[in-house]
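The values are calculated or read from the model by the stated rules, or taken from the named source; none is laboratory data. As the structure is a computational prediction, the values presented were derived from the model and not from experiment. Neighbour counts run over all protein chains shown; Cβ positions are idealised from the backbone, glycine included. The area values use the complete protein model at the heavy-atom level, side chains included, leaving out ligands, DNA and RNA. Shrake-Rupley method; radii C 1.70, N 1.55, O 1.52, S 1.80 Å.
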Amino acid sequence: MAVATDKLTPLKSAVAGLNQISESEKNGFISLVSRYLSGEAQQVEWSKIQTPTDEVVVPYDSLAPIPEDPAETKKLLDKLVVLKLNGGLGTTMGCTGPKSVIEVRNGLTFLDLIVIQIENLNSKYGCNVPLLLMNSFNTHDDTQKIIEKFKIKREIHTFNQSQYPRLVLEDFTPLPSKGQTGKDGWYPPGHGDVFPSLKNSGKLDSLLLQGKEYVFIANSDNLGAIVDLKILSHLIKNKNEYCMEVTPKTLADVKGGTLISYEGKVQLLEIAQVPDKHVNEFKSIEKFKIFNTNNLWVSLSAIKRLVAADALKMEIIPNPKEVDGVKVLQLETAAGAAIRFFDQAIGINVPRSRFLPVKATSDLLLVQSDLYTLVDGYVIQNKARKNPANPSIELGPEFKKVANFLSRFKSIPSIVELDSLKVTGDVWFGTGVTLKGKVSIAAKPV
């Protein structure tokens, strides 16, 4: 513990001198670092893990139908806020600016589709569901400019998640204190920061004063994360403070966090918490059948209570990086890990259609193809597809950046009957291409 104090005392002094961030950010950062240095146990005792029952992870099909009376539906929706996590950049796909401004389909971006969905919901039921965007310091300025174009811009509210200094590993000092004052000296500490940031921004109290009760949190790049009235109705009726949407694992999801029952509480189990000798068991689809979609429904009053009590001590995710040859450390948390601190917390085992993330150009190929259609801002799977699972698609590095991907397809192939596609090398697609079954296309690399 003496070593921890030796590191923490000079760090506190250095952080106090960082005038780019608020007092609440400084306090949050020091709290996170001191927890990390104290060596809090992150791993679980394997023998204590239990499979959750249907009362804890509720099958979606068992949820009651939505009320037929539109006035009742309006009442439900008027208690809801939609919050999209909008802190990520599109750099992995070769784009600059927020990832949510990448064009997904028909010239519309993720953000366009999200706004269209909210507009249609409010117009259909005469309700007022506000849209919140949690930006990071990386995406804030660009996002503010973009939302000016929307008709409902007054109903789009933005706030920034915390900005923490990267830690130099060699001597545990903040990178900005060493002269790295630009953006590279800082990081957003993961989406677990959504709860304190919602409170610190003043948005939480404002929403509670408007009579809002629940927030639906989802990644802005998950096209399947749309408002679901059956889920909302179930949570309000049963007074659940927290709900995580989970869905059945496939081989592509073996690293995804899963829900377990642990010491009488429902808990998210991530691969980093699994003892090495049990990692293969964790990846097993037979043993751990569901994984976290990061679609979360949370009681606003419960968030206020727990943030005020400083009770949300989620597992810390150490993320080592390198900036200009300097080894640094980022400490992050995940919103899903907060489930164990809320009362009456549950999972709901939802259809796979509610998990349609676009993390790479291979996902973009899926959603731009005839596998999907666009209706009122919603991306809906083509009924002509006999297999409910999407084909697996593996594109070579030549397709990694969005611009390269688009230039290599004169038009997107028909893939309704495709099982799998693997493309390697310098491959270009013409118009009118149909891919069926298992397809492998190889050419010389560029």
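Key figures
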| read-out | value |
| --- | --- |
| Cut-off under 5 Å, modelled amide H: who pairs with VAL104 long-range | THR109, PHE110 |
| Probe 1.4 Å, all protein chains present, accessible-area order of GLU315, GLU103, largest first | GLU103, GLU315 |
| Accessible surface of the chain, 1.4 Å probe, proportion on carbon and sulfur as whole % | 52 percent |
| Volume in Å³ per residue [convex hull over Cα atoms, computed for segment 82-180] | 120 Å³ |
| Furthest towards positive pole of dipole, THR173, THR431, VAL350, structure part the chain, Cβ charges | THR431 |
| Residue-level accessible surface for VAL379, protein heavy atoms, 1.4 Å, Å² | 20 Å² |
| Kirkwood-Stokes translational diffusion coefficient of segment 49-118, alpha-carbon pairs, 4 °C, 1.567 mPa s, µm²/s | 80 µm²/s |
| Under Karplus coefficients 6.51, -1.76 and 1.60, residue-wise ³J(HN,Hα) of segment 81-92 in Hz, glycine/proline x | 10, 9, 10, 9, 7, 10, x, x, 9, x, 4, 5 |
| J(HN,Hα) series, segment 426-432, from Karplus relation 6.51 cos²θ - 1.76 cosθ + 1.60, nearest Hz, glycine and proline x | 7, 9, 10, 10, x, 8, x |
| DSSP-defined antiparallel bridges as percent of all bridges, the chain, nearest 5 | 50 percent |
| Qualifying GluC sites (Glu not before Pro) for segment 118-168 [loop in DSSP, other Cβ within 10 Å: at most 11] | GLU148 |
| Helix-only mean residue ellipticity at 222 nm for the chain, each DSSP H run of n ≥ 4 adding -39500 (n - 2.57), per residue, nearest 500 | -7500 deg cm²/dmol |
| Where chymotrypsin sites (Phe, Trp or Tyr not before Pro) fall in DSSP loop in segment 197-262, at most 11 other Cβ within 10 Å | none |
| Residues with amide H under 5 Å from that of HIS157, placed H, sequence gap 5 or more | LEU131, LEU132, LEU133 |
| GluC sites (Glu not before Pro) within segment 190-276, DSSP loop, no more than 14 other Cβ atoms inside 10 Å | GLU263 |
| Mean-position separation - Cα centroids, segment 415-430 and segment 326-343, in angstrom | 38 Å |
| At 1.567 mPa s and 4 °C, Stokes D of segment 1-354 from Kirkwood alpha-carbon radius, µm² per second | 60 µm²/s |
| Ranked order, SER392, SER197 - accessible area, probe 1.4 Å, largest first | SER392, SER197 |
| Dipole moment magnitude, nearest 20 debye, segment 295-444 about Cα centre, only Lys, Arg, Asp, Glu C-beta charged | 280 debye |
| Cα centroid separation, segment 227-255 to segment 139-215 (Å) | 25 Å |
| Equivalent ellipsoid, segment 361-438 (semi-axes from 5 times Cα gyration tensor eigenvalues, Å) | 21, 15, 11 |
| From phi via Karplus (6.51, -1.76, 1.60), per-residue ³J(HN,Hα) for segment 314-324 in Hz, x at Gly/Pro | 5, 4, 8, 10, x, 10, x, 9, 9, 10, 6 |
| Entries of LYS99/LYS145; LYS149/LYS183; LYS255/LYS386; LYS283/LYS313 with Cα pairs more than 22 Å apart | LYS149/LYS183; LYS255/LYS386; LYS283/LYS313 |
| Furthest towards positive pole of dipole, ILE285, VAL379, THR250, structure part the chain, Cβ charges | VAL379 |
| Per residue accessible area of segment 161-238, 1.4 Å probe, in Å² | 35 Å² |
| Size of electric dipole in the chain: Cβ of Lys, Arg +1 and of Asp, Glu -1, about Cα centre, debye, nearest 20 | 560 debye |
| Nearest-10 value in Å² for the accessible area of ASP228, using the 1.4 Å probe | 20 Å² |
